[in-house]
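Shown next, in structure tokens, is the structure this report addresses.
FYI, it's all coordinate maths here, none of it is from the lab. Everything numeric in this text was worked out from a predicted model, so none of it was measured. Every residue, glycine as well, gets a Cβ built from its backbone with ideal geometry; the counts of neighbours run over all protein chains shown.
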Amino acid sequence: MNTTMSLLPDNRDGEFDSRHRIVIAAAQRAKHLLQGAKPIGAVRFTKATSIALDEVINHRVSYLTGKDARQAMKDAKRTRESEVERMATIEAREDAQEITKSLSVYVDDANKGGKPAAAEGEE
């Protein structure tokens with residue numbers, strides 16, 4: 001399957017504000033495809049980068065610009081940070097449970113009378 005694609009489309013009526021933006025959007029989409037995202041629509045290409053560029057040029061994926069893009073980036077960062085914080089909390093809780101479990105082996109709860117337990121060999 002040897003289909004060629006013009007990497008840089010003609011700027012039809014200001015369709016794209018810059019070719020640089022097309023490349024950035026396609027790179028991000030290619031990253032998503034490589035991480036397991038499914039292509040949108042019919043696939044004419046085999047490589048993730050070509051599929052992504054085709055999707056961007058043919059408006060199958062959208063992208064944000066300006067203030068909307070900056071806000072989306074801030075929101076994504078907050079989401080990642082809260083997820084990391086949540087995972088750290090869960091991990092700390094699991095660690096505490098594991099420590100408690102490990103220490104319970106060494107703590108003798110059988111002697112509840114308050115008298116010291118006799119050492120081995122003593123009576």
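Some observations on this one:
- The string of couplings for the range 23-32 from the Karplus curve (6.51, -1.76, 1.60, θ = phi - 60°) is 5, 5, 5, 5, 4, 5, 5, 4, 4, 4 Hz, one whole number per residue in order, with x for Gly and Pro.
- Likely footprinting exposure, L34, L53, fewest C-beta neighbours within 10 Å first: L34, L53
- Estimated FRET transfer efficiency when R0 is 30 angstrom, pair L34-K67 (beta carbons, to 0.05): 0.55
- Working note: Karplus 6.51/-1.76/1.60 with θ = phi - 60° gives the range 60-69 the couplings 7, 10, 10, 9, 9, 9, x, 4, 4, 5 Hz, where Gly and Pro are set to x.
- Potential extension, K101-S82 segment - 0.36 nm per residue separation minus Cα distance: 4.0 nm
- Residues V56, V43, V61, V84 arranged by fewest to most Cβ contacts within 10 Å: V84, V43, V61, V56
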